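Just so you know, all these numbers are worked out from the coordinates, no wet-lab data involved. Values in this document were obtained by computation on a predicted structure and should not be read as measured data. Positions of Cβ are backbone-derived with ideal geometry, glycine not excepted, and every protein chain shown enters the neighbour counts.
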Amino acid sequence: IGTALDIERCDLNIKGNHSNHHTDLFGQECLVVRRGQPFSIVLHLSSSSKEFKVGKTNFVFDVETGPLPRRESDTKVTFSPQASDTEWSASAATDASGRTVTVSISSSPKAPIGIYTLTLDQLGQKTSLGQFTLLFNAWCPDDAVYMKSEEKRKEYVLAQHGLIYRGSHKRIKGKPWNFGQFEPGILDICLKILDNNPKFVSDADKDVSSRRDPIYVTRALSAMINSNDDRGVLVGEWAEFSDGTHPGLWMGSGEILRQWAESGPVHYGQCWVFAAVACTVFRALGIPCRVVTNFGSAHDTNANLVIERFFDENGDRISRDDSICENFHVWVDSWMTRPDLGSKFDGWQTSDPTPQETSDGVFCCGPASLCAIKEGEVGLKYDTPFIFAEVNADVEDLVQLSTGQFVTFSESTKSVGHFISTKAVGANERHDITHQYKYPEGSKEEREVYERAQNRNMLLKRREKPGLYLKIKLAENMIVGSSFEVYALLTNNCMDTRNCKLIFYARAVSYNGKIGDLCGFSSDNLEVPSGEERRLSLKLEYQRYEPAITSDLLIQVSAITIDKETVDFQKAEKTIVLDEPDIGIKVRTCSLSCRVGSVGANEAAKASIEFKPTVAGSSVLLVNFDSDKLKNIKNFTDVVVEK
């Protein structure tokens, strides 16, 4: 095609697109659409423009987001009505005159969210068509935040007003809050929060590209709603409020977000304020979100899933880190898939923007799968042990005697995590979701989950995984010519006893990996209780390995364990490098002494060799020992030959 279309103007069809994309509450000033769903624009051609012909007029679209758009990062995408090798696509149609072209553009359901520029490219002639903001899409089945229920989408994405539950478990009160995610300017502020996070500052390309993932966005927002590590939205305070706003006076997120956008971190917030502002940002970006209140919430600082309270003999509390928030604590749940954990853990994910403990060096928490929390799978990302303890830790009270010794005087398994509450869908009522976080207190399932969590937590601290764990332990001194023992250690990191067959053997091996003859074997049937270890020894006797090994002095030991009931197969291998015996070298004037000759078991032989150096100065004296049993044993010593 020799000439390009002459575009008089581009109509972004904001009203129609907003209606189709459930974004009409954002107003009509800017185009806001949800990913994975078509939106349409209308190109009006000038009277002098050539006519548009479907299938014959060629043009391509470029969409770009972020300060450094790159195709490799999916922050720059090119596609056309004719063909596309991306998940973005377009189709075009025209009216009878050929002067009005309607283009339907479908974005990828995995595209990064944010502000995009849209450009038409005709044979190198580029025309800017405007900007649009792309959000997560809870209405799109291919989006990670897809939610089936329309009633829930209305509540968790579109509702601008809600209730946050406070008080005590005996007197729960729902306090109104205006989330206001559709108020003018709020969406831009929410995107600005992402642009102010430290990961964007350090690597904007990677950060913007990662905004395709609601898990990444959730973690970033958890850190940015508080201001402990950055210029985040809110400053937390629990005592003195004279130089800011008392947290109890806030009634909505809009005022807080606008104040932050104008002048930086806002004074002050507490848990329900942090959570409410986070909920506004999540909903604005298109991630379904609910505010959750936990009554009798624990704060486990040492990650042992036990809240330890210390008292002196007078009954006064001794200051320690662990505590229970006797009344309540508030966080948010957001809805998404967890491809990093498996489909079982899809759905609600807890994150907590209140700055309590650091995670990966930053004051953030989550997202942790509710399924993982309920089932005690505390080894799964992110921060699951901390959130599990918030709703299901045990409590232990200890008294410090005058001797300094601590004695336990009270224990409870039912003090933590009661009446976990959120606003009901479509009604101004409290919905109790305790059952989504934990099994009934005192039930067999609840205790089993707690024990599983303790087991997983112990493994997490040891950086081990559930299951059977097999390793080989070598002896300290393994000198060629001697006999020694090595051990196979089998640890049961499962919740139940395992019955396994353990096979342990040794073969000679050469430096190029070629396996030689068997030179040791041992096996046994082992019963390994949960959390315990069993070992099997293998004695490598010189008389057996000497004929098998090569001059490389290498032995490969292998351990195999088989649990036929669970079809669990584990293998461990190590290569032993046998040490050579030391050759003692002593230089006295011009004679050399070394251990040579016929040497019996546990015997030593000594010989003296005289020689005459021919060159003065520093040199190295090399010694090689060879015999019918031990070959190529070498050593050296530095010598100085005087004139």
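Values for this structure:
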| quantity | calculated |
| --- | --- |
| Chymotrypsin sites (Phe, Trp or Tyr not before Pro) within segment 376-452, DSSP loop, no more than 15 other Cβ atoms inside 10 Å | none |
| Qualifying lysines (Cα of each under 20 Å from Cα of Lys444; at least 8 residues distant if same chain) | Lys374, Lys414 |
| Per-selection Rg to Rh, the chain - Cα, Kirkwood hydrodynamic radius | 1.15 |
| Calculated FRET efficiency for the pair Asp360/Thr637, C-beta based, R₀ 51 Å, to 0.05 | 0.45 |
| Structure-based [θ]222 nm, the chain - -39500 (n - 2.57) summed over DSSP H runs of at least 4, per residue, nearest 500 | -5000 deg cm²/dmol |
| Farthest toward positive dipole pole in segment 39-119 [+1 Lys/Arg, -1 Asp/Glu at C-beta], among Gly98, Val54, Thr78 | Gly98 |
| Placed amide H near Leu129: partners under 5 Å, 5+ positions off or other chain | Leu118, Thr119, Leu120 |
| Value of relative contact order over the chain, rounded to a whole percent, pairs C-alpha under 8 Å and six or more apart | 8 |
| Cut-off 11 Å between beta-carbons: net charge of the residues surrounding Gly27, Lys and Arg +1, Asp and Glu -1 | -2 |
| Extension gain (nm, one decimal) between Asp11 and Lys175, 0.36 nm per residue minus Cα-Cα | 54.7 nm |
| Total formal charge among the other residues, if their Cβ is under 14 angstrom from that of Glu262, Lys/Arg +1 and Asp/Glu -1 | +1 |
| Filter on Lys148/Lys381; Lys15/Lys199; Lys152/Lys192 - keep pairs with C-alpha separation over 30 Å | Lys15/Lys199 |
| Farthest positive-ward along segment 271-366 dipole, Cα basis, beta-carbon charges - from Thr301, Ala284, Trp348 | Ala284 |
| Reachable lysines, given that their alpha-carbon falls under 23 Å from the alpha-carbon of Lys501 and they are not under 8 places away in the same chain | Lys465, Lys471, Lys473, Lys539, Lys564, Lys571, Lys574 |
| Segment 472-543: chymotrypsin sites (Phe, Trp or Tyr not before Pro) in DSSP loop, at most 14 other beta carbons within 10 Å | Tyr511 |
| Computed over segment 153-461, Kirkwood Rh from alpha-carbon pairs, angstrom | 19.9 |
| Net dipole in debye of segment 233-363 [+1 Lys, Arg Cβ; -1 Asp, Glu Cβ; about Cα centre; nearest 20] | 680 |
| Low-density loop positions, chymotrypsin sites (Phe, Trp or Tyr not before Pro), segment 163-238 - DSSP coil, at most 11 other Cβ in 10 Å | Trp238 |
| Whole-number percent relative contact order across segment 7-135, with pairs defined as alpha carbons under 8 Å at least 6 apart | 29 |
| Arg153, Arg34 arranged by Cβ crowding within 10 Å, fewest neighbours leading | Arg153, Arg34 |
| For segment 525-541 versus segment 351-402, the gap between their alpha-carbon centres in whole angstrom | 35 |
| Rg(Cα)/(2.2 N^0.38 Å) for segment 468-577, N = residue count | 1.13 |
| Relative contact order of segment 5-49, pairs being alpha-carbon contacts under 8 Å that are 6 or more residues apart, as % | 58 |
| Order of Val391, Val145 - criterion: other Cβ atoms within 10 Å of each residue's Cβ, fewest first | Val391, Val145 |
| Cβ-based exposure ranking for Val640, Val266, in which fewest neighbours within 10 Å come first | Val640, Val266 |
| Spatially proximal aspartates and glutamates relative to Lys53 (Cα-Cα < 20 Å; intrachain offsets below 8 disregarded) | Asp6, Glu8, Asp11, Asp95, Asp121 |
| Per-peptide average of other Cβ atoms within 10 Å, ordering 253-261, 566-574 highest first | 253-261, 566-574 |
| Cα centroid separation - segment 413-428 against segment 55-94, whole Å | 46 |
| Computed magnitude of the charge dipole of segment 132-238 (debye, nearest 20; Cβ of K, R +1, Cβ of D, E -1) | 700 |
| Gain on full stretching of the segment that runs from Ser443 to Asp95 - 0.36 nm per residue minus C-alpha separation | 118.5 nm |
| Residues Tyr542 and Lys110, FRET efficiency given R0 of 56 Å [Cβ-Cβ distance, rounded to 0.05] | 0.35 |
